[in-house]
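Input: a single structure, listed below in structure tokens.
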Amino acid sequence: MSIISKRLLGAAVVALGVLGAASPAQAVTLDFRTLYLFDDAGYEGAKVPVQTLEWNELGQFWVYRQVSKPEFPTFNDKTSSLINNDWRAWVVFDDKNYQDRRYCIRPGETVPNLSAQQFKFNDKISSALRLEGASCAGYPAFFTTG
Ligand SMILES: [Ca+2]
Ligand SMILES: [Ca+2]
């Protein structure tokens with residue numbers, strides 16, 4: 001890992017502390033432009049990045065790279081908490097191929113426990129869609145905006 005990307009990861013952790021609806025109990029290292037799925041509540045257990053990024057060879061551009069398929073075959077029906085460290089909103093779905101119940105998570109939002117009464121979405125996520133902007137664009141959201 002380059003010095004530049006280490007510096008940026010540090011900045012991402014700071015940004016989460018400011019923006020997060022609930023701060024993780026312990027420091028979690030996060031990449032920008034990535035939705036994170038966690039096996040356990042409270043951002044614990046296996047951490048699965050749905051998208052990450054790379055610094056290109058010229059050192060000039062961000063390069064997007066999918067690290068997990070949208071239907072994450074190895075992490076199906078396991079997610080118990082979420083962090084959106086992307087600048088775009090994401091929608092998570094109960095079924096594969098963006099079907100069935102769904103919730104949108106906006107940039108900087110965190111969901112510490114998907115089993116919460118108002119969501120009832122624990123161990124259900126089977127696909128995730130990255131939206132074109134920061135808005136939920138009509139999708140039902142985990143949190144209402146102030
Ligand atoms: Ca789980
Ligand atoms: Ca499911």
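The values are calculated or read from the model by the stated rules, or taken from the named source; none is laboratory data. Just so it is clear, the model here is predicted, and its values are computed rather than measured. Note: ideal-geometry Cβ built from the backbone for every residue, glycine included; neighbour counts use all protein chains shown.
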Item to complete: Go through 115, 126 for me and flag whichever is closer than 19 Å to residue 76 by Cβ and touching a Lys or Arg at 6+ places or on another chain (Cβ under 6 Å).
Response: 126
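Mind listing whichever residues of region 74-100 are part of a loop (DSSP other than H, G, I, E, B) and away from ligand 1 (no atom under 16 Å from the Cβ)?
Step one: filter region 74-100 for residues part of a loop (DSSP other than H, G, I, E, B), giving 74-80, 85-89, 96-98.
Passing the criteria: 85, 86, 87, 88, 89, 96, 97, 98.
Among what's in region 45-65 and is closer than 21 Å to residue 124 by Cα and not hydrophobic (A, V, I, L, M, F, W, C), pick the residue that is modelled with the lowest pLDDT. Reasoning before the result, please.
Keep residues of region 45-65 that are closer than 21 Å to residue 124 by Cα, which gives 45-51.
After this cut, where a residue has to be not hydrophobic (A, V, I, L, M, F, W, C) as well, the list is 45, 47, 49, 51.
Values: 45: 94, 47: 88, 49: 83, 51: 71.
Among those residues, the one meeting the criterion is 51.
Would a scan of region 101-115 turn up a residue that is in a strand (DSSP E or B) and over 14 Å from residue 35 (Cα atoms)? Please lay out each step first, then the result.
First pass over region 101-115, keeping only residues in a strand (DSSP E or B): 101-105, 110-111.
Checking which are over 14 Å from residue 35 (Cα atoms) leaves us with 101-102.
Within region 101-115 (the criterion being in a strand (DSSP E or B) and over 14 Å from residue 35 (Cα atoms)), the answer is yes, since at least one residue qualifies.
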Fill in: region 127-146, residues that are modelled with pLDDT of 95 or more and crowded, with 19+ Cβ neighbours inside 10 Å
136, 142
Discussion item. Would you confirm whether or not region 78-96 contains a residue that is on the phi > 0 side of the Ramachandran plot and at pLDDT below 95?
Written reply: no
Item to complete: Give the residues of region 129-143 that are under 25 Å from residue 78 (Cα atoms) and either touching a Phe, Trp or Tyr at 6+ places or on another chain (Cβ under 6 Å) or part of a loop (DSSP other than H, G, I, E, B) (or both), sorted by residue number.
Response: 129, 130, 131, 136, 139, 140, 142, 143
Discussion item. Condition check: within 16 Å of ligand 1 (Cβ to nearest atom), over 14 Å from residue 35 (Cβ atoms) and surrounded by 15 or more Cβ atoms within 10 Å (Cβ to Cβ). Does residue 124 satisfy that?
Written reply: yes
Worksheet item: Which number in (1) modelled with pLDDT of 50 or more; (2) in a loop (DSSP other than H, G, I, E, B); (3) surrounded by 14 or more Cβ atoms within 10 Å (Cβ to Cβ) marks the one condition that residue 71 misses?
Response: (1)
